[in-house]
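Worksheet: one structure, shown below.
The values are calculated or read from the model by the stated rules, or taken from the named source; none is laboratory data. Small disclaimer: the values here were computed from a predicted structure and weren't measured. Quick reminder, even Gly has a Cβ in these numbers, built from the backbone with ideal geometry, and neighbours come from all protein chains shown. With ligands, DNA and RNA removed, areas are computed over all heavy atoms of the protein, side chains included. Shrake-Rupley method; radii C 1.70, N 1.55, O 1.52, S 1.80 Å.
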Amino acid sequence: MTTRTLSIGLSTLLLAACGDDGNNGTANVTDSGNASEATTDETGTPTTTQTSQASATSPTTTTDSAGTDSDSGDSTTAATTDTTAGVTDTDGTTLPDTTGTPDPVCGNGEVEGGEECDDGNDVEGDGCEPSCVPTPQCGNSMIEQGEVCDDGNTEDGDECSADCQTATPEPECGDGTVQEPEMCDDGNQEPGDGCEPDCTPTPPECGNGIEEGDEQCDDGNDVDGGPGDFCKNDCTPFFPASCNAPADYVVCDNALNLADKADKTQAHKAIGICNDSPANSIQITDWSFNATDNASWQIAKGFGSYTYDHDMDPVTPNKLLYSPREGDTMLIISTGTISAANGNGIVTQPPNSQSGFVGSNQNPDLPDTMPAPMVPMNGSGGMPFKDCDGINDCSDTLQHQWFDIADADPNDKLWFTFKTKVPAGTFGYTFDFVFCSGEWPTFVDTSFNDLLVAWQVDPTPANPNSNPPVQPYTGNVTFIPDPNDQTKGLPLTITALDPYYDGPGYTYAEPQLQGTGFEQHACSDWFTAKGGVQPGADITIGFFITDMGDSYYTSTALLDNFRWDCEGCVPSEVDDCGVMPPM
């Protein structure tokens, strides 16, 4: 039924019920839930507007006698509505709403609103995703939803990985981040400062006082060895006649069985202690290696997968960054577990596998003490490194870390010790190490700081009146200068190493971490540590790694190249002994 027919019928009904006195009359009726307002003009012709009861602002129609909206009697029809009720035309017809925009419906085959596509289905990977965005296509040079990068191909090894998930920006020499093919990057363009403006190492300059490249020493003078001078002008060590340390060391780790964990004497051979003869090796006794979990240590020919041009000769093969410093192997120890060496003797680990709740191993957590002969109590006479008591830590670096910061809570403890007699005329020893940790950077300046300690006991009686004074040292050797007080040291933790990880170490996505399992975290470069001892002393040396405060987040140390040092060092001079950061 049309609106006009309904209007006539309703008007007739109203006239019959109410009569017509010559004036306009109005009546409301209800028809099937709709309210209709009817009016009649002086000619008796009714008009009716049908409205919905559901609208609080339903449109109304008014008519005067003249058909205009003036007082002269003109007749007009006016309609008002909101956006939900539609618009009523002058003849009473309700028109569709055109003032609002419908919400887009993904999957209806029409591209609407913010949709980028709409193929009329919700099938993934067919060109248009169920979210109405195009299916990402790696290699089309467009970075699309779910992609990190897209360099127009699906090849690895360039600026974007084959799956478009890893971006490797073009290296920018001088930005402080080492990226292939850069060999170094010190954050500047200054020549001669260790890293050249083309990001290759500054060629070694023997005699500048900085040990560089293949130099074995560099004392910064032109004295070609002699009394009190232990470095010759070709930057090789001078061995005075009084120093009975070997000038050349035998290699004893070139035929080790890397899978044999029963013979733990292989561990000291891996770090260069061959125990062969006094003329060609370091002699030791009372070797003790304590690791319940054999997966917590590994002898290896390399660690990680990053290689570099170590000799700047394009003909020779590149060298692994983390490869032995002497001989064929090195020792790896961990607060977690270490992957077995591959067929080439190299340990590589899945990306970022050494972080999170994966660090625990089966090594002991108890007792909550350091293994003998190590003691974390302060052992100086009140000033670090001086007046050692011969029992406790004369560096005074461990007590605060052990008790106050870490609440004396070691976990996953691994340690080894040995005794040795210092050769005549020999005043020290050195060894090289790397420290990697999944705790960095999250737990810097917290109680969760895994700890690496090298310890020595020198029982020589003190004699301050001798010339030079005899000041034997017992305590932590792996201390590093405190940047806030150069007269003090810090124990070897990620908090102490934090400024060194940023450079010359490696962090986050730097390629040097590839294959280590510490991607997105940190590994140091190779460090050298020095200990000062008295000639002829029967000393004890120990190494200890532990997870402090919890048993999670792995830390790993590489150890190698243990050697006697004729010159030695003075422990009270913090920058002379302890950890020597690379330049």
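To keep it simple, each residue is scored yes or no on (1) open to solvent by less than 30 Å² (accessible area, probe 1.4 Å); (2) over 28 Å from residue 227 (Cα atoms); (3) touching a residue at least 12 places away in the same chain (Cβ under 8 Å).
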position	(1), (2), (3)
475	yes, yes, yes
484	no, yes, no
504	no, yes, yes
510	yes, yes, yes
517	yes, yes, yes
545	yes, yes, yes
551	yes, yes, yes
556	yes, yes, yes
563	no, no, yes
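Filtering segment 160-170 to residues that are within 29 Å of residue 200 (Cα to Cα) and open to solvent by less than 50 Å² (accessible area, probe 1.4 Å) leaves 160, 161, 162.
In segment 530-540, the qualifying residues are those that are surrounded by fewer than 23 Cβ atoms within 10 Å (Cβ to Cβ) and either among the charged types (D, E, K, R) or within 34 Å of the chain's Cα centre (by Cα) (or both), and the one that is modelled with the highest pLDDT is 538. Take the conditions touching a residue at least 60 places away in the same chain (Cβ under 8 Å), surrounded by fewer than 20 Cβ atoms within 10 Å (Cβ to Cβ) and farther than 18 Å from residue 547 by Cα and apply them to residue 425. Does it pass? It is true that residue 425 is touching a residue at least 60 places away in the same chain (Cβ under 8 Å), surrounded by fewer than 20 Cβ atoms within 10 Å (Cβ to Cβ) and farther than 18 Å from residue 547 by Cα. Here residue 327 clears all of (1) surrounded by 19 or more Cβ atoms within 10 Å (Cβ to Cβ); (2) within 31 Å of the chain's Cα centre (by Cα); (3) within 30 Å of residue 182 (Cα to Cα) except the condition numbered (2). Among the residues here, residue 496 qualifies as of a type in the set (A, V, I, L, M, F, W, C) and free of Cβ contacts under 8 Å to residues at least 24 places away in the same chain. Residues that are farther than 22 Å from residue 163 by Cβ and open to solvent by less than 60 Å² (accessible area, probe 1.4 Å) within segment 120-146 comprise 120, 121, 132, listed in sequence order. Every residue in segment 201-216 that is closer than 30 Å to residue 513 by Cβ and open to solvent by less than 60 Å² (accessible area, probe 1.4 Å), please. Matches in segment 201-216: 201, 202, 210, 212, 215.
Among the residues here, residue 224 does not qualify as exposed (fewer than 15 other Cβ atoms within 10 Å of the Cβ) and not in a loop (DSSP other than H, G, I, E, B). Inclusion of residue 401 among residues that are part of a loop (DSSP other than H, G, I, E, B) and either polar (S, T, N, Q) or open to solvent by less than 10 Å² (accessible area, probe 1.4 Å) (or both) is not warranted. Exactly one residue among 107, 113, 157 is assigned to a loop (DSSP other than H, G, I, E, B), open to solvent by less than 90 Å² (accessible area, probe 1.4 Å), closer than 30 Å to residue 502 by Cβ and without any contact (Cβ under 8 Å) to a residue 60 or more places away in the chain, and that residue is 157. Consider segment 503-550 and keep the residues that are outside any strand (DSSP E or B) and acidic (Asp, Glu). The one that is farthest from residue 351 (Cα to Cα) is 550. For segment 278-292, name all the residues that are of a type outside the set (A, V, I, L, M, F, W, C) and either open to solvent by 50 Å² or more (accessible area, probe 1.4 Å) or modelled with pLDDT under 95 (or both). Result: 278, 283, 285, 286, 292.
Among residues of segment 436-452 that are aromatic (Phe, Trp, Tyr), those with a Cβ under 8 angstrom from a residue that is open to solvent by 10 Å² or more (accessible area, probe 1.4 Å), sequence gap 6+ or separate chain, pair up as 440/498; 440/507; 440/521; 443/553; 448/549; 448/550; 448/553.
Residues are listed down the side, and each one gets a yes or a no for (1) at pLDDT 95 or above; (2) among the acidic types (Asp, Glu); (3) in contact with a Phe, Trp or Tyr (Cβ under 7 Å, 6 or more places away or on another chain):
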residue: 204; (1), (2), (3): no, no, no
residue: 227; (1), (2), (3): no, no, no
residue: 233; (1), (2), (3): no, no, no
residue: 236; (1), (2), (3): no, no, no
residue: 240; (1), (2), (3): no, no, no
residue: 251; (1), (2), (3): yes, no, no
residue: 257; (1), (2), (3): yes, no, no
residue: 260; (1), (2), (3): yes, yes, no
residue: 264; (1), (2), (3): yes, no, yes
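Determine, yes or no, whether residue 317 is more than 23 Å from residue 433 (Cβ to Cβ), open to solvent by 70 Å² or more (accessible area, probe 1.4 Å) and over 22 Å from the mean Cα position of the chain (by Cα). Yes; evaluated as a whole, the condition is true for this residue. Counting the residues of segment 401-417 that are farther than 21 Å from residue 300 by Cβ, of a type outside the set (Lys, Arg) and touching a residue at least 24 places away in the same chain (Cβ under 8 Å) gives 11.
If you go through segment 374-394 and keep only what is within 19 Å of residue 413 (Cβ to Cβ) and either open to solvent by 50 Å² or more (accessible area, probe 1.4 Å) or not in a loop (DSSP other than H, G, I, E, B) (or both), you end up with 377, 393.
Within segment 117-128, residues that are at pLDDT below 90 sit with their Cβ atoms under 8 Å from residues that are open to solvent by less than 40 Å² (accessible area, probe 1.4 Å) and part of a loop (DSSP other than H, G, I, E, B), at 6+ positions apart or across chains, in these pairs: 122/107; 124/135; 125/135; 126/135; 127/117; 127/135. Candidates 299, 332, 338: the one that is among the hydrophobic types (A, V, I, L, M, F, W, C), assigned to a strand (DSSP E or B) and either under 22 Å from the mean Cα position of the chain (by Cα) or on the phi > 0 side of the Ramachandran plot (or both) is 332. Based on what the data block shows, is residue 198 under 23 Å from residue 523 (Cβ atoms), out of contact with any Lys or Arg (no Cβ under 7 Å at 6 or more places or on another chain) and open to solvent by 40 Å² or more (accessible area, probe 1.4 Å)? Against the criterion (under 23 Å from residue 523 (Cβ atoms), out of contact with any Lys or Arg (no Cβ under 7 Å at 6 or more places or on another chain) and open to solvent by 40 Å² or more (accessible area, probe 1.4 Å)), residue 198 does not qualify.
Of the residues that sit in segment 428-447 and are more than 23 Å from the chain's Cα centre (by Cα) and buried (at least 21 other Cβ atoms within 10 Å of the Cβ), which one is farthest from residue 525 (Cα to Cα)? Ranking the candidates gives 428 first.
In this structure, residue 413 qualifies as open to solvent by less than 50 Å² (accessible area, probe 1.4 Å), closer than 30 Å to residue 326 by Cα and basic (Lys, Arg). Among the residues of segment 565-583, those that are open to solvent by less than 30 Å² (accessible area, probe 1.4 Å), of a type in the set (A, V, I, L, M, F, W, C) and either under 25 Å from the mean Cα position of the chain (by Cα) or within 27 Å of residue 201 (Cβ to Cβ) (or both) comprise 569, 577, 579. The one condition from (1) out of contact with any Lys or Arg (no Cβ under 8 Å at 6 or more places or on another chain); (2) at positive phi; (3) open to solvent by 30 Å² or more (accessible area, probe 1.4 Å) that residue 235 does not meet is (3).
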